[in-house]
Amino acid sequence: MFKHILIPTDGSETSRNAVKAGIKFAKEAGAQVTGLYVCPAFHVLTYQVEMLEASKEKFSKESARRAIKYLAEIESEAKHAGVACDAVSVVSDRPYEEIVRAALQKRCDLIIMASHGRRGVKGILLGSETQKVLAHSTIPVLVYR
Ligand SMILES: Nc1ncnc2c1ncn2[C@@H]1O[C@H](COP(=O)(O)OP(=O)(O)O)[C@@H](O)[C@H]1O
Ligand SMILES: [Mg+2]
């Protein structure tokens, strides 16, 4: 039934578990997967122009390094399972918007994501992005706990 699954990750342990489960599910379903990491945008934190340039460059490098690392995890997991996989990263401060947008653009028919991410499980029913994806997505969402 499901043929193209979007698996967003923030690189957290809970996300990594959801990635593993999502890829197993894709294998059983005979589906392909798309991994997505949304990099936070750079914000001006200093009034010194020379520091700004230096910190922007550092920030971009760090972001690129994280994107490569998180997406490589999905790609290697998929490769190991023999599941076709594509991985993308975009820059935005609203991960849920990019998750919903990517699902539409890539014509995915299911999103698999963890119930919680980097901020963790303490006392909150659902993570902030997961809540918003559930509210805005027009395609099915599987929340992995
Ligand atoms: N920057 C991000 N890029 C891609 N996916 C994300 C990002 N942030 C959160 N997600 C998705 O949302 C899931 C839950 O994270 P989130 O809702 O942010 O929880 P928390 O509030 O605990 O950080 C993650 O497993 C991941 O699928
Ligand atoms: Mg989060």
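Tabulated data
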| quantity | calculated |
| --- | --- |
| Projected area averaged over orientations for the chain, convex hull of C-alpha atoms, nm² | 9.1 nm² |
| The chain - charge dipole about Cα centre, Lys and Arg +1 at Cβ, Asp and Glu -1, debye rounded to 20 | 340 debye |
| Lys pairs, the chain - Cα-Cα below 18 angstrom, 8 or more residues apart or on other chains | 12 |
| At R0 = 30 Å, FRET efficiency that the Cβ-Cβ distance of E28 and K106 yields, to 0.05 | 0.90 |
| Gaussian network model of the chain, springs between alpha carbon atoms under 10 Å - residue of V121, V33, V100 with greatest fluctuation | V121 |
| Mean residue ellipticity (222 nm) of the chain, computed from DSSP H runs ≥ 4 via -39,500 (n - 2.57), nearest 500 | -16500 deg cm²/dmol |
| Residues I68 and M1, FRET efficiency given R0 of 41 Å [Cβ-Cβ distance, rounded to 0.05] | 0.80 |
| Of A87, A72, A18, the one that fluctuates the most in a GNM where the chain has Cα springs shorter than 10 Å | A72 |
| For the chain: relative contact order, % (alpha-carbon pairs under 8 angstrom, 6 or more apart) | 33 percent |
| The chain: most fluctuating residue of K58, K79, K24 per GNM, C-alpha cutoff 10 Å | K58 |
| Quotient of Cα Rg and 2.2 N^0.38 Å for the stretch 71-145, N being how many residues it contains | 1.16 |
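Values in this text are rule-based calculations from the coordinates and carry no lab data. Values in this document were obtained by computation on a predicted structure and should not be read as measured data. Glycine gets a Cβ as well: all are built from the backbone with ideal geometry, and neighbour counts include every protein chain shown.
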